[in-house]
Amino acid sequence: MLLLLSFDYFDQLFVLTIPVVSILRQVFQVLEVIFLLTIIVNLLDIFLFTPRQIKFVPPVKYKFPIWGNLDLLYPYASSFQDSPCVKFQRLAKQYGDVFQLRLGIKQVLVANTYDSIFQLYAGGATKSNNSRPLSHTFHKVLSQSGVFTVGSTPFGETYVKSRKFLGNLLNSKASKEYYSAIIEREANNMMTRILDQCYNKEDSTIQLDFTRETQFFHLAVALNLTYGYDIDYSDDLQRKQAVEIMYVENQITMVRSHVQNVQDYLPGFIRFFVNLWYQNPQVSKDLYKRRNEYLTRYADYTLANLDSKNPDMKKSLMYYYFTEAKDTVTPSQVGSVCLTMVSAGLDNAPLNFHVIIMM
């Protein structure tokens with residue numbers, strides 16, 4: 001329309017083309033900025049953020065620098081078909097059973113079959129496979145005190161000492177006999193609770209949360225062996241405290257997942273802006289506070305009852321630490337052991353029971 005007018009109204013041409021020229025100039029300025037930013041981002045990625053690839057392992061292609069293959073993790077899955085594990089299975093058809101991804105500034109190896117996983121862990125026999133990779137949210141935010149479970153402790157002196165301390169306590173003949181008795185006692189208690197729920201029903205319909213009962217079983221064993229604390233689930237307060245532990249540890253299991261914390265794979269300055277609107281870091285801080293409360297409560301219980309004549313107290317892990325082992329392991333190392341005892345079976349024990357029932 002502007003060109004048609006220009007033939008008949010030359011005086012208006014000058015007036016009408018001024019906004020167009022101004023707009024075009026602004027567009028070119030924006031394009032220049034985008035072009036320069038693209039160059040800067042790519043240079044930063046090449047010289048600072050590109051992780052070293054693993055030799056002889058096929059890499060999955062990616063579209064964007066710094067971000068890499070994070071589109072496999074984010075947006076987070078809304079259904080099983082969107083889950084990373086399904087996406088990895090699809091990629092395995094193209095790249096093979098073992099391939100590597102670039103997740104932000106980290107290079108990740110993905111193994112999709114039992115044989116490939118067995119070869120990675122048993123074939124190479126590398127000590128580093130004992131260690132869970134470090135992540136910012138789990139190891140820096142959630143575990144501010146530097147206390148992790150033995151399985152999530154980076155390989156090193158702390159890991160070795162914590163594992164040795166725990167192994168010496170659990171593997172002696174006397175300990176095995178005592179621990180077996182505790183496990184048998186709590187298994188009987190669990191079955192008693194289940195049968196009580198069945199027999200006390202007025203109708204024939206029985207709704208039983210078997211997962212919850214097996215978690216109660218594990219927690220009772222763990223608190224007894226670790227702190228000499230005999231929990232009573234008929235007491236409303238103690239039952240509420242047990243439910244709190246189960247909830248917190250379940251949430252922590254999701255927080256420490258390597259596919260739930262995209263911000264952990266990004267450079268620090270980008271992570272800062274992501275965390276401004278992303279809720280997970282604040283959730284992690286809250287979980288850290290709640291976990292620290294109950295771990296401290298049970299440790300204080302043991303410390304206050306060192307003179308108790310209760311045989312369970314005298315055979316507990318923390319009793320041994322306070323009376324004999326304070327000079328051999330640090331508080332953070334024994335804290336790692338306690339955390340392992342309390343949390344490690346809350347997800348595994350129910351699954352094992354379910355598998356046994358299905359068999």
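Only the coordinates and a few stated rules stand behind these numbers; no lab work does. Keep in mind that this is a model prediction, so the values were computed, not measured. Here Cβ is always computed from backbone atoms with ideal geometry, including for glycine, and neighbour counts include all displayed protein chains.
Take the Cα of Leu44, step 7 Å along the line toward its Cβ, and report every residue of segment 256-276 whose backbone nitrogen sits under 20 Å from that point.
262-276
Ordered by residue, what ³J(HN,Hα) values in Hz, to whole numbers, does segment 320-328 give under the Karplus form 6.51 cos²θ - 1.76 cosθ + 1.60, where θ = phi - 60° and Gly and Pro are x?
Each residue's phi maps through the Karplus curve to give 4, 5, 5, 9, 9, 10, 5, 8, 9 Hz.
Can you grab the distance from the C-alpha centre of segment 167-201 to the C-alpha centre of segment 12-90, Å, no decimals?
Comparing the Cα centres of segment 167-201 and segment 12-90, I get a distance of 56 Å.
Rounded to whole Hz and in sequence order, give me ³J(HN,Hα) for segment 351-359 from the Karplus expression 6.51 cos²θ - 1.76 cosθ + 1.60, θ = phi - 60°, writing x for Gly and Pro.
5, 5, 4, 5, 5, 4, 5, 5, 6
Could you please state, rounded to a whole Å, how far the C-alpha centre of segment 206-268 is from the C-alpha centre of segment 343-359?
That distance is 14 Å.
Using R₀ = 35 Å, calculate the FRET efficiency as 1/(1 + (r/R₀)^6) where r is the Cβ-Cβ separation of Asn168 and Val57; round to 0.05.
Values: r = 39 Å, r/R0 = 1.11.
So the FRET efficiency works out to roughly 0.35.
What whole-number volume per residue, in cubic angstrom, does the convex hull of the C-alpha atoms of segment 51-125 give?
104 Å³
What ranking do 224-232, 290-298 get when scored by the average of other Cβ atoms within 10 Å per residue, highest first?
Working: 224-232: 20.8, 290-298: 16.3.
Put in order of decreasing packing, that is 224-232, 290-298.
Over 32 Å between Cα atoms, which of Lys61/Lys164; Lys164/Lys314; Lys164/Lys289; Lys173/Lys289; Lys285/Lys326 qualify? Provide the component values of the computation, followed by the final result.
Values: Lys61/Lys164 43 Å; Lys164/Lys314 20 Å; Lys164/Lys289 28 Å; Lys173/Lys289 37 Å; Lys285/Lys326 29 Å.
Beyond 32 Å between Cα atoms: Lys61/Lys164; Lys173/Lys289.
Sequence-distant or interchain residues sharing an amide H contact under 5 Å with Gly68, placed H: which?
Here Gly104 satisfy the definition.
With a Förster radius of 41 Å, plug the Cβ-Cβ distance of Phe273 and Ile117 into 1/(1 + (r/R0)^6) and report the FRET value to the nearest 0.05. Could you put the intermediate results ahead of the total?
Details: r = 36 Å, r/R0 = 0.88.
That gives a FRET efficiency of 0.70.
For Thr323 paired with Leu36, estimate the spin-label separation in nm (one decimal), with each label point 7 Å from Cα along the Cα-to-Cβ line.
Here the answer is 7.2 nm between the modelled labels.
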